[in-house]
């Protein structure tokens with residue numbers, strides 16, 4: 001019972017921040033600067049999600065994440081499809097772990 | 001007929017194309033959810049409770065933190081409060097996603113907003129340059145998001161029942177793989193626009209610096225809010 005209460009409580013506080021913009025975004029007419037801010041969020045969020053998080057996947061092995069990140073970066077520069085970028089990253093990290101660690 | 005086979009993604013419905021676009025997230029989530037399911041069982045959850053949590057919370061970081069806090073002996077209120085603050089970045093992401101859903105019905109908006117995660121947000125707003133109009137349809141977004149959701153839920157069930165048959169090396173590789181997904185989504189637009197590149201790189205260093213002062217959840221929120229603020233000065237009227 002206590003576990004279910006915890007789960008439902010966590011579900012509520014997780015859904016509320018996701019839901020609020022759906023309820024209120026349309027009710028206001030936003031100025032131009034706010035629209036530019038909204039438009040910039042994906043790039044800012046991805047930057048913050050990637051770094052330094054990618055180095056901390058294995059706390060004592062930052063080079064592992066770095067290697068995966070560099071491979072992803074290079075494959076992206078070569079215009080590979082997103083699925084291949086991800087696959088290349090995963091294969092790199094698997095190989096590095098089995099070969100060197 | 002051959003024509004149709006070679007260009008098959010034009011004959012699929014928007015929902016199916018959304019499902020296909022969501023497959024990388026499914027694959028990335030599955031092993032990580034296995035790790036979550038296994039951890040939840042260690043915290044004395046039944047496998048069904050673990051799956052129930054994945055079904056109604058659907059937030060990886062919060063679930064790992066929540067279950068770890070239980071193992072560490074934290075109370076229910078503490079865990080719920082921590083979860084709330086950890087999820088503040090979804091508020092920012094949901095603002096951006098809902099900005100793309102302005103013409104959707106209220107029901108669709110409320111429904112699809114439930115499925116906003118770091119990964120679905122990233123793929124919806126930055127995945128590929130073409131078909132932008134289609135990405136702004138409820139069916140496409142539902143296909144993508146539900147695929148990610150099923151990866152998370154089914155992985156949790158597998159982990160809760162089988163408890164950790166995936167080697168740690170694979171889970172690590174899949175986690176780095178999700179970072180690969182983020183990088184793969186960010187590089188193409190950052191190459192096309194020096195402004196977007198500047199915003200992303202500023203956000204990285206801001207987050208890195210803030211990480212010395214704040215916990216990870218808050219530093220990501222603040223770095224995103226402030227670095228996106230650069231866009232106000234960099235982006236011209238029509239983007």
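Specify which of the listed residues (A:49, A:56) is in contact with a helix residue (DSSP H, G or I) (Cβ under 8 Å, 6 or more places away or on another chain), facing another protein chain (nearest Cβ under 7 Å), under 22 Å from residue B:119 (Cβ atoms) and modelled with pLDDT of 90 or more. Result: A:49 is the single residue among A:49, A:56 that is in contact with a helix residue (DSSP H, G or I) (Cβ under 8 Å, 6 or more places away or on another chain), facing another protein chain (nearest Cβ under 7 Å), under 22 Å from residue B:119 (Cβ atoms) and modelled with pLDDT of 90 or more.
Within the set A:24, A:34, A:30, the sole residue that is more than 8 Å from chain B (Cβ to nearest Cβ) and in a loop (DSSP other than H, G, I, E, B) turns out to be A:30.
Scanning region A:55-69 for residues that are under 16 Å from the mean Cα position of the chain (by Cα) and closer than 14 Å to residue A:92 by Cα yields A:65, A:66, A:68, A:69. Of the residues B:166, B:146, which is part of a loop (DSSP other than H, G, I, E, B) and surrounded by fewer than 22 Cβ atoms within 10 Å (Cβ to Cβ)? Residue meeting the stated conditions: B:166. Residues in region B:199-213 that are surrounded by 15 or more Cβ atoms within 10 Å (Cβ to Cβ) and out of contact with any helix residue (DSSP H, G or I) (no Cβ under 6 Å at 6 or more places or on another chain): B:201, B:205, B:208. Answer with yes or no whether residue B:52 is assigned by TED's automatic domain parsing to the domain that holds residue B:72 and part of a helix (DSSP H, G or I). For residue B:52, the condition - assigned by TED's automatic domain parsing to the domain that holds residue B:72 and part of a helix (DSSP H, G or I) - is met.
Residues that are loosely packed, with under 14 Cβ neighbours inside 10 Å, modelled with pLDDT of 95 or more and outside any helix (DSSP H, G or I): does region A:71-85 have at least one? Checking region A:71-85: at least one residue is loosely packed, with under 14 Cβ neighbours inside 10 Å, modelled with pLDDT of 95 or more and outside any helix (DSSP H, G or I).
The values are calculated or read from the model by the stated rules, or taken from the named source; none is laboratory data. From a predicted model like this one, the values you see are computed outputs, not experimental measurements. Here Cβ is always computed from backbone atoms with ideal geometry, including for glycine, and neighbour counts include all displayed protein chains.
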